[in-house]
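S.K.: Quick one: the structure is below, questions incoming.
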Amino acid sequence: MSLSLYQSTIPTYLQITGAIAGLIDKAEAHCTNNDLSPDELIHARLADDMLSFAYQIHSVATHSLGAIEGVKKGVFSPNMTPPPVDFAGLRQRIADARSGLEALTEADINALEGKPMRFEYGDFKIDFVAEKFLLSFSQPNFYFHATTAYDILRWKGLAIGKSDFMGQLRTV
């Protein structure tokens, strides 16, 4: 069985961003139901040298739709704009990413295969072709940030489980 570049990326981006949207809703409900300030979760981080829940959500969008946009432009740089600082803004960031991903066609994504592109972060640069960037760099980052967002919420006491992280499975 072989998978196209589209099949290897877009359905999973949509599955996990859908799950992340659900986690944002559960985080907001947790704050409301427990009389917590939203800042307790939005600015939470697992360790002092790690970035906040808000940044993790921001990076899920960056390493899904943002990665595809970077490949199309031929260069990807991490989105270092400050993340939204409220649940509505985080929800919108994920909704915008999902909307952009849903608008992509299989032909759009498969046409990127073999396209040269570059990752740039300050003076640090790495040359890739599209599929190697998406599958060996951006997708692992996407999962890292999604997992870290989930872990922050678990650490803060939300009653969530594996199915909340996995989202809507693609069956038959």
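S.K.: Could you say whether any residue in the stretch 121-140 is in contact (Cβ under 8 Å) with a residue 60 or more places away in the chain and small (Gly, Ala, Ser)?
M.R.: yes
S.K.: Which of the following residues is touching a residue at least 60 places away in the same chain (Cβ under 8 Å) and more than 11 Å from the chain's Cα centre (by Cα): LEU41, LEU14? Steps first, answer last, please.
M.R.: On the way: LEU14 fails: more than 11 Å from the chain's Cα centre (by Cα).
Just one listed residue meets the conditions, LEU41.
S.K.: Mind listing whichever residues of the stretch 77-90 are in a helix (DSSP H, G or I) and either under 15 Å from the mean Cα position of the chain (by Cα) or not aromatic (Phe, Trp, Tyr) (or both)?
M.R.: Step one: filter the stretch 77-90 for residues in a helix (DSSP H, G or I), giving 87-90.
Within the stretch 77-90, ALA88, GLY89, LEU90 qualify.
S.K.: Which of the residues that make up the stretch 128-146 are polar (S, T, N, Q) and either at pLDDT below 95 or surrounded by fewer than 14 Cβ atoms within 10 Å (Cβ to Cβ) (or both)? Give the derivation first.
M.R.: The first filter runs over the stretch 128-146 and keeps only residues polar (S, T, N, Q), leaving 136, 138-139, 141.
If the condition is that a residue be polar (S, T, N, Q) and either at pLDDT below 95 or surrounded by fewer than 14 Cβ atoms within 10 Å (Cβ to Cβ) (or both), then SER136 is the only one that fits.
S.K.: Sticking with this structure for a sec: Go through the stretch 9-20 residue by residue and tally those that are surrounded by fewer than 21 Cβ atoms within 10 Å (Cβ to Cβ) and under 11 Å from GLU106 (Cβ atoms).
M.R.: The qualifying residues number 1.
S.K.: Return the total of residues in the stretch 27-40 being in contact with a helix residue (DSSP H, G or I) (Cβ under 8 Å, 6 or more places away or on another chain), farther than 16 Å from THR147 by Cβ and not in a loop (DSSP other than H, G, I, E, B).
M.R.: Qualifying residue count, the stretch 27-40: 4.
S.K.: May I pose another question? Name every residue in the stretch 149-172 that is exposed (fewer than 13 other Cβ atoms within 10 Å of the Cβ), in a loop (DSSP other than H, G, I, E, B) and of a type in the set (Lys, Arg), in order of residue number.
M.R.: ARG170, the sole residue that qualifies.
S.K.: Residue by residue through the stretch 75-127, note down the ones that are over 18 Å from ILE20 (Cα atoms), aromatic (Phe, Trp, Tyr) and surrounded by 16 or more Cβ atoms within 10 Å (Cβ to Cβ). If you could, list the steps in order and put the result at the bottom.
M.R.: First pass over the stretch 75-127, keeping only residues over 18 Å from ILE20 (Cα atoms): 75-82, 103-127.
Pick out the ones that are also aromatic (Phe, Trp, Tyr) and you get 76, 119, 121, 124.
Residues satisfying the conditions are PHE76, PHE119.
S.K.: Let me ask you something else. Cβ contacts < 8 Å: first residue touching a residue at least 24 places away in the same chain (Cβ under 8 Å), restricted to the stretch 91-104; second residue part of a helix (DSSP H, G or I) and among the acidic types (Asp, Glu), any location; separation 6+ or different chain. Result?
M.R.: Hits for this filter: ARG91/ASP25; GLY100/GLU69.
S.K.: Identify all residues within the stretch 91-135 that are part of a loop (DSSP other than H, G, I, E, B) and within 17 Å of SER4 (Cα to Cα); write none if there are none. Full working, then the answer.
M.R.: Taking the stretch 91-135 and keeping what is part of a loop (DSSP other than H, G, I, E, B), we get 103-105, 111-115, 122-123.
Hits for the stretch 91-135 are LEU104, THR105, ALA111, LEU112, GLU113, GLY114, LYS115.
The values are calculated or read from the model by the stated rules, or taken from the named source; none is laboratory data. Since this is a predicted model, take the numbers as computed values, not measurements. When we count neighbours, we look across all protein chains shown, and the Cβ atoms used for this are built from the backbone with ideal geometry, even at glycine.
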